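Taking it in order: structure first as structure tokens, then the write-up.
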Amino acid sequence: MSDLVSATLRIALALVWNQDRLLIARRLAGAHQGGLWEFPGGRIEPSESPGSAAEREVVEELGVQCIHARQRPSFLFEYPDRRLEFFPVDCVWVSGEPQALFSLSPRWVTQSEIAKYDFPPANRELLQGLQESWGCR
């Protein structure tokens, strides 16, 4: 891997809960892993905590207000062109209906529905863990 792509990007993943449903959205076609489904989130700025970044990204991407409740263990994933460290953060929905601001087709999904959506390979273990602990936040 070249020096250009060897830096690890720190990514907040917002697991936004509205009762027993999670918020997901489809990645834009031109984005990395475009067309797949994802949890809202994005790069953690140097001055931010994962929880603050998760809250900010949810507002920017979907226009929804949430409050971070707890951080799950972080994990690394390497794609051929980038290395990412993900920081999953359980968040509680506060207000707002999801809007497609910087993603497509936002929606709330239940435990039985989430398996019907294709997520990036980096999310596989997280999705397995969510299925095992759904609703235990």
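Just so you know, all these numbers are worked out from the coordinates, no wet-lab data involved. As the structure is a prediction and not an experimental result, all values here were calculated from the model. Here Cβ is always computed from backbone atoms with ideal geometry, including for glycine, and neighbour counts include all displayed protein chains.
For the chain, with the dipole built from +1 on Lys and Arg beta-carbon atoms and -1 on Asp and Glu ones, taken about the Cα centre, which of Ala25, Cys91, Leu130 lies farthest toward the positive end?
Leu130
Convert each backbone phi in region 7-24 into a coupling constant with the Karplus relation 6.51 cos²θ - 1.76 cosθ + 1.60 (shift: θ = phi - 60°), then list the ³J(HN,Hα) values in order as whole Hz, x for Gly and Pro.
Per-residue couplings from phi come out as 5, 7, 8, 9, 10, 8, 10, 8, 9, 8, 9, 10, 6, 9, 10, 10, 8, 10 Hz.
Can you match Cα extents along the principal axes in Å to one of these, (1) 51, 30, 27; (2) 44, 33, 28; (3) 71, 51, 28, based on a calculation from the structure here?
Step by step, Cα extents along the principal axes in Å for this structure corresponds to label (2).
Taking the Cα centre of the chain as origin and charging only Cβ (+1 Lys, Arg; -1 Asp, Glu), how large is the dipole, in debye to the nearest 20?
With only Lys, Arg, Asp and Glu charged at Cβ, the dipole is about 160 debye.
Tell me, what is the percent relative contact order of the chain, built from C-alpha pairs under 8 Å that lie six or more residues apart?
31 percent
Helix 124-133 versus the longest principal axis of the chain: what angle, 0 to 90°, nearest 10, using Cα atoms?
Here the helix axis deviates by roughly 30 degrees.
From the phi angles alone, apply the Karplus equation (6.51, -1.76, 1.60; θ = phi - 60°) to region 49-56 and give each ³J(HN,Hα) in whole Hz, x where the residue is Gly or Pro.
The phi angles translate into 8, x, x, 5, 5, 4, 4, 5 Hz.
Report the calculated FRET efficiency for Ser47 and Ala115 (r = Cβ-Cβ distance, R0 = 25 Å), to the nearest 0.05.
Result of the calculation: an efficiency of 0.10.
If the elastic network links every pair of Cα atoms under 10 Å, which of Phe102, Phe77, Phe39 fluctuates the most in the Gaussian network model of the chain?
Phe77
I need the peptides 18-31, 121-134 ranked by packing, meaning the mean over residues of other C-beta atoms within 10 angstrom, with the highest value on top.
Top to bottom by mean Cβ count within 10 Å: 18-31, 121-134.
Apply the Karplus curve 6.51 cos²θ - 1.76 cosθ + 1.60, θ = phi - 60°, to the phi angles in region 72-88 and return the couplings in whole Hz, x for Gly and Pro.
7, x, 6, 8, 9, 8, 10, 9, x, 10, 6, 10, 10, 10, 9, 10, x
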